[in-house]
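The values are calculated or read from the model by the stated rules, or taken from the named source; none is laboratory data. Note that this is a predicted model, so its numbers are computed, not measured. Positions of Cβ are backbone-derived with ideal geometry, glycine not excepted, and every protein chain shown enters the neighbour counts. For accessibility, only protein heavy atoms count, side chains too; no ligands or nucleic acids. Shrake-Rupley method; radii C 1.70, N 1.55, O 1.52, S 1.80 Å.
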Amino acid sequence: MDLEAEYNNRARVPEHPAHLAAWQRDAAAWRAACARAELDLPYGAGARERLDLFWPDGASATTPVAMFIHGGYWQGLGREWVSHCARGLNGQGVAVAVPSYDLCPAVGIGDIVAQMRAAARMLRARLGRKLLAAGHSAGGHLAAMLLALEPEAVRAGLAISGVFELEPLRHTSIGTALRLDAAMARTLSPRFLPRPAGALHCIVGGAESDEYLRQSRDMAAAWGGGFEVVPGADHFTVLAPLADPASGMVALAKSLASA
């Protein structure tokens, strides 16, 4: 198997620069348009240990909460690229926190997991309720890790185009900055952690690689979770429904956040 071809999503989607530019544009627009947004809230001491919290109209003490974690193979992007992923849930009465985290190779994936755990605990303490952990790509991995490791803060997980077994990445160009040995790759793979109490739903694009499809399917099976393929969607376009309050993906996320 050509693992580089299976996991190098930017190479698989040559038009990815246009998708990323659209994300930046739409994210900036939602940060400006959201009537109640709390920006740059600290969850730790570091410069990137910050999150933005987008509230829906009419929010109350019982408003469901989701945390959406960006992708970038743990080595790129930030919360300012994906603010628009809060728009659909905001339109359905769900608050959405969008954190940044430090990036590899300056830190390891284990450090990033610890940061996301801190963000989840901060939200739990601040808002007084459990949250849906959701994320895309590397963020899907982190969402699954939160579901497994933070049961007091996280009620459910939604992983979109996630990577749940890290060993294959060690043999690709993507793995260079991750600096994983075999033992670390196993420890940091949610696929091999005990099944948590909360529900996990895995979504992947139908135009993604066989390995991405397999990883989501196997992760869902391991934890008794849901599995869904978005027909025709690639690794970037699979996120589009999150910005649409009327989409089925948003309806699913709302149900997980409200369970």
Ignoring ligands, DNA and RNA, please state the percent of accessible area on the stretch 110-156 from carbon and sulfur, probe 1.4 Å. 46
For a quick check of your reading of the filter: which GluC sites (Glu not before Pro) in the stretch 1-69 sit in a DSSP loop and have no more than 12 other Cβ atoms within 10 Å? E15
Simple spin-label estimate for L41 and A197 in nanometres, 7 Å along Cα-Cβ: 2.4
Degrees separating the helix 210-223 axis from the principal Cα axis of the chain, which is the longest one: 60
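Length gain on complete extension for the stretch A21 to R129, per 0.36 nm per residue less the alpha carbon to alpha carbon distance?
Net length gain for the segment: 35.4 nm.
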Nearest-0.05 FRET efficiency for A246 and S173, computed from C-beta distance (R0 30 Å): 0.20
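Would you calculate the convex hull of the Cα atoms in the stretch 81-201 and tell me its volume per residue in Å³? Walk me through the numbers before you get to the answer.
Working: hull volume 13.0 nm³, N = 121.
Residue-normalised Cα hull volume stands at 107 Å³.
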Points 7 angstrom from Cα along the Cβ direction at T237 and D2: gap in nanometres? 2.2
Between the stretch 162-235 and the stretch 118-141, how far is it from one alpha carbon centroid to the other, in angstrom? 19
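Mind checking Rg over Rh on the chain, alpha carbons, Kirkwood formula for Rh?
Working: Rg = 16.6 Å, Rh = 17.8 Å.
We get a ratio of 0.93 for the chain.
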How tilted is helix 16-33 with respect to the longest principal axis of the chain? Cα atoms for both, answer in degrees (0 to 90, nearest 10). 20
